[in-house]
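Have a look at the structure below before the remarks.
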Amino acid sequence: MNMIAATAKIHPSSIIEDGAVIGENVKIGPFCYIGPKVVLGDDMELKSHVVVDGRTTIGKGSKIFPNAVIGGDSQSVHHSTVDTILQIGDNCTIREGVTMNAGTVEYGGATIVGNNNLFLAYSHVAHDCRLGNNIIMSNNVLLAGHVTIGDRAILGGGCAVHQFTRIGRQAFIGGLSAVSYDVIPYGMLNGNPGVLSGLNVVGMTRAGIERATIHVVRRAYKQIFEGPESVRANAAAIRADYADCAPVVEILDFIAAESDRALSSPSRGKA
């Protein structure tokens, strides 16, 4: 038995399988398919020809455009028949042809997407990815499995991100870039192979970071990537000097954290 709120508006050509939960004021346009384990939050809208399947939960206020396929099985060669989940937060916009896959059992079984994210046409979120809030993925952005993206990151059109890669908060990835290694918070990466090309100063300014603080982060960036030792050694050496600058501490913590990938750098793509 499905649980459909009385205020939901569903086109008669759409199929809602028994067991689906449809929230208040949800609008489902023509020729959509909603699977039996799907939960759609209040005030959502599915334009038309949208598939939402698997154990997928989508928060309130999200909008999904035609031909998106949300909650499909992972495309991993290790995919099993065990149910895994896709969890999407509130107020996300998912444009035409976007695909998002559920997680895999081997890595916790969950793909997690935060709030207020914008996914432009034909972008892809693979199994076991972890995405924060206020992220923009432009047209044809491709995330491989297990990618982690911090809040307010922007990924330019056609860029591709290697599996297990981390992209830090408020990083900017240029269009058509190949992201093979971790990108620090506030970093800006361009090219194929992707090379760190400075700081996302525009994004930092728009986020309300003061100019004086940006200058401090720039100074730390030079010490980290142009210092006499390895990037990680340089980062560790300056930590005490920047203990009162939160953005620098965030970068240093990111560099110090364990990761399956190397770090992107300005000189050769990785460090």
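Taken together, the values in this text are just the output of simple stated rules run on the coordinates, not laboratory data. Bear in mind that the values here come from a model prediction, so they are computed numbers and not experimental data. Here Cβ is always computed from backbone atoms with ideal geometry, including for glycine, and neighbour counts include all displayed protein chains.
Quick notes
- Normalised contact order of the chain, rounded percent, pairs of Cα under 8 Å and 6 or more residues apart: 8
- Approximate shape of segment 33-181 as ellipsoid semi-axes (Cα gyration tensor, √5λ), whole Å, largest first: 21, 18, 13
- Difference of contour (0.36 nm per residue) and Cα-Cα distance, Val82 to Arg218: 44.2 nm
- Helix axis angle, 246-256 relative to the chain longest principal axis, alpha carbon, degrees: 90
- Along principal axes, Cα extents of segment 161-271, largest first, whole Å: 34, 32, 21
- Ratio Rg/Rh, restricted to segment 205-256 and using Cα atoms, in which Rh is the Kirkwood radius: 0.97
- As a proxy for reagent exposure, ranking Ser177, Ser230 by other Cβ atoms within 10 Å from fewest up yields Ser230, Ser177.
- Summing +1 for each Lys or Arg and -1 for each Asp or Glu among the other residues whose beta-carbon sits under 13 angstrom from that of Tyr107 gives -2.
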